[in-house]
Amino acid sequence: MIEMELKALLKNKSQVMKKLEKCGCEWVLVGLQEDIIYEKNDMQQIVHTPIFRIRKCGDQKILTLKVLEGDFDTAEELELNISDEKIMDKMLQIIGFLPKIQIVKRREITKYKGFNICIDEVEGLGDFIEVERVSDKRNDKNIIYEEIRKILLELEVEEQDLIKEKYYEMLLKKRREKNG
């Protein structure tokens, strides 16, 4: 499956949520999500290089393999439930994937026009809206991204607030700036 997503910094979270509620959307609190991102030998993420993520959300633990495509917004994504994240962590490290960064976020989710819309409060970064769709067709990518962009603009998210970076990339950048 191919995941296509676009996010934006949220300047007025309650306004965006109310606007979606007026359209009939109902919010589901996913809760606190803790992600640990693993990269091979602590290298920078490049196209077609796999990364792993272990996500904990309540009692659920999910291992995700992501392989970014050339535009970095699109990734092939495979997921499976795991029973023990500590054993999975050790297995990933044995095969050379090292923990790079942890992301902690509070997530609420809804569906709108066939898209998943997430409102995230990301520790160390702030509030974001993320619109995504999973497809099995790569050739729909440009059409889907244009639809995502239109939804964000319809929700009065400003064009300059659209972000293509992943949360972990933003956190790593912030860490580098802090450390000089």
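Here, each number is a calculation from the coordinates, and none is a lab measurement. If you're wondering where the values come from, they're calculated on a predicted model, not measured in any experiment. Note that each Cβ is placed from the backbone with ideal geometry, even for glycine, and that neighbours are counted across all protein chains shown.
Within the bounds of region 72-80, is there any residue that is surrounded by fewer than 12 Cβ atoms within 10 Å (Cβ to Cβ) and either of a type in the set (S, T, N, Q) or closer than 30 Å to Cys23 by Cβ (or both)? Among the residues of region 72-80, not one is surrounded by fewer than 12 Cβ atoms within 10 Å (Cβ to Cβ) and either of a type in the set (S, T, N, Q) or closer than 30 Å to Cys23 by Cβ (or both), which makes the answer no.
Can you pull out every residue in region 9-26 that is within 17 Å of Leu162 (Cβ to Cβ) and touching a strand residue (DSSP E or B) at 6+ places or on another chain (Cβ under 7 Å)? Across region 9-26, the qualifying residues are Leu9, Leu10, Lys13, Val16. As a summary of the residue check, Ile54 satisfies the conditions (1) in contact with an Asp or Glu (Cβ under 7 Å, 6 or more places away or on another chain); (2) β-branched (Val, Ile, Thr); (3) within 14 Å of Tyr167 (Cα to Cα) except for the one numbered (3).
Please go through region 147-169 and give me each residue that is part of a helix (DSSP H, G or I) and either in contact with a Pro (Cβ under 6 Å, 6 or more places away or on another chain) or within 14 Å of Glu5 (Cβ to Cβ) (or both), ordered by number. So that I can check it myself, show each step before the final result.
Taking region 147-169 first, the residues part of a helix (DSSP H, G or I) are 147-154, 159-161, 167-169.
Correct list: Glu147, Ile148, Arg149, Ile151, Leu152, Tyr167, Tyr168, Glu169.
Looking across Leu125, Leu152, Leu162, Leu172, one residue alone is over 23 Å from Ile37 (Cβ atoms), in contact (Cβ under 8 Å) with a residue 40 or more places away in the chain and aliphatic (A, V, I, L, M). It is Leu152. If Asn116 meets every condition in (1) within 24 Å of Lys13 (Cα to Cα); (2) touching a residue at least 24 places away in the same chain (Cβ under 8 Å); (3) polar (S, T, N, Q) apart from one, which number is that one? The number of the failed condition is (2).
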